[in-house]
Amino acid sequence: MTPVHSLWILDVVDIFLVAALFYRLLILVKGTRSAQMYVGLLVIVLVGLMAREFDLIAVKWIVESLKTVWLIAFVILFQPELRHALAQFGRTRYFRSFVRSDSFGVLGEIVRGAESLAERRQGALIVIERNVGLRNFIETGTRIDAKVSAELLVTLFSPGSPLHDGAVMVREDSILAAGCILPLSSNPRISAALGTRHRAALGLSEETDAAVISVSEQSGAISVCYRGTMKHRLNEGELRSELSRIFRIRPEDEVAPPASDDVTPESPGAEGAESGGEKAAV
């Protein structure tokens, strides 16, 4: 087979890029209503190729007539998938530095949600992803993929919700999953009276650079864990200030401190030791 380009490597790159594009399209439409439309579109393309190969005049004329509207039809039919694909592409770590996300607006929604949960005495565990990916923990929960809002956070942690016992995972401006399982802290200097929810918050903050907000079900106090340290009983302004400080830290300036023994429970048995083991659903 004669190569198209003088350099055969360009043909390989060309084929690889086309294959990768079709693979991503298949992944995007898998399990959705668009999958059937995608198959129908492929059938039309195959019919057009057969009509050209066997010189089927009538079929070829119909296919040629439809060519002018194919691109518009494709964009209309697959608008949600295309929008989602472009958004995902722009969120990759290679392009994140060029895109300025409205992170502080999202933090405001999270702060409002935490305050509402604290007033209602509803326990909560909210994980905000930073530079270290949390895919392993996200996959332990139920996929949500919804825009962050205070109302949604309150709903997810309501006692009647089937997902209220786990952690909510936030990335950029989206709630990726709920009901997630986090690792418990194994720091021997942590007070034995500290409950499972706070131990889980500390455990994840020791392993990653995520900011983890925990709301006490018994006292309604709000805590923030970051890099193995916990700050207790934060009001709305202090919570907003602490989150803003954490998200202003540049990756090159970060130093992961050892887990501090300045971790004390809000009150003896504040959350109750629910279960032991390395991991727990909180």
Practice task
For segment 195-216, state whether one or more residues are in contact with a helix residue (DSSP H, G or I) (Cβ under 8 Å, 6 or more places away or on another chain), within 15 Å of ARG121 (Cα to Cα), buried (at least 24 other Cβ atoms within 10 Å of the Cβ) and among the hydroxyl-bearing types (Ser, Thr, Tyr).
Solution key: yes
Exercise for the section: Return a yes/no flag: does segment 179-188 have any residue that is over 19 Å from the mean Cα position of the chain (by Cα) and closer than 20 Å to SER116 by Cβ. Expected result: no
Handout entry: Selection count where residues are polar (S, T, N, Q), farther than 17 Å from ILE128 by Cα and in contact (Cβ under 8 Å) with a residue 24 or more places away in the chain, scope segment 146-185
Key = 2
Completion exercise
Picking from LEU184, LEU176, LEU163, LEU156, the residue that is of a type in the set (A, V, I, L, M) and under 15 Å from MET230 (Cα atoms) would be LEU184
Fill in the blank from the handout: How many residues of segment 121-165 are under 28 Å from GLN218 (Cβ atoms), among the small types (Gly, Ala, Ser) and at pLDDT below 90? The answer is 2
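The values are calculated or read from the model by the stated rules, or taken from the named source; none is laboratory data. Note that this is a predicted model, so its numbers are computed, not measured. Positions of Cβ are backbone-derived with ideal geometry, glycine not excepted, and every protein chain shown enters the neighbour counts.
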